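Taking it in order: structure first as C-alpha cells, then the write-up.
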Amino acid sequence: MAIDPRFEESRERVGKEGGVDVWGPVNPPEELGIRGAHVAVDFDLCIGDGACLEDCPVDVFEWVDSPGHPESDEKVNPVDEDQCIDCMLCVDICPVDAIDVDPGRPGRIWPARSSEEPVFSTLVKCAGRDLPRTRPVPLRPNPC
Ligand code: SF4
C-alpha cells in the first residue's frame, strides 16, 4: 500500500503539529495519520529508514519520535516542506511509498520567493547527482 495522493479529499485535516498539517484518523500510538501538505508523509506507512531525511537536498525532514507505533519508533516529519524544490527524490527512494509531493497542494512558498533567494547552495548540493523524477515539475525549473 502507498500513501493516498488524494488524501486531502479522503481524509479530514484534524489540526497542526509543529506547524505541519495533520490528516486523520489519528489514534496514537497505533494510528498517526498523514503529516504535511506540499510534502506529505503517511506516518502509518513510514518505517523510519531515514533515506528521505538523509538525501533531501534542502533538508525538509526532521526526526520525530513515535513510540509504540507498529511500523517504527521514529518518523520523518516534513517540518520544512516550504523549502521543497520538488526534486521527487524522497518519493522515489522511500521503500514503502509513504511520501507524496505535490506542488499543487497548499504549503509551497515558491510563488512568494524573491529572485534574490540563494539557489547556489542547492545547486552545489545537487551537482553531479542524477536525481530521479517521477512527476513533472511545472512551476519552476529544478536546479537539480
Ligand atoms: S521532493 Fe526533493 S526537496 Fe522536496 S522533500 Fe522530497 S527530497 Fe526534499
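All of the numbers you see were taken from the coordinates with simple rules; none came from a lab. Predicted model only: the values in this text are computed from it and were never measured. Cβ atoms come from the backbone with ideal geometry, glycine included; neighbour counts cover every protein chain shown.
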Completion exercise
Amide H contacts under 5 Å for E74, restricted to residues at least 5 apart in sequence or on another chain and with H modeled in the peptide plane, are S66
Fill in the blank from the handout: Packing-ranked peptide list from 56-67, 18-29, 77-88, 93-104, highest mean Cβ count within 10 angstrom first, is 77-88, 93-104, 56-67, 18-29
Exercise for the section: In whole Hz, with x marking every Gly and Pro, tabulate ³J(HN,Hα) for segment 39-48 from phi via Karplus 6.51 cos²θ - 1.76 cosθ + 1.60, θ = phi - 60°. Expected result: 10, 10, 10, 7, 5, 7, 9, 4, 9, x
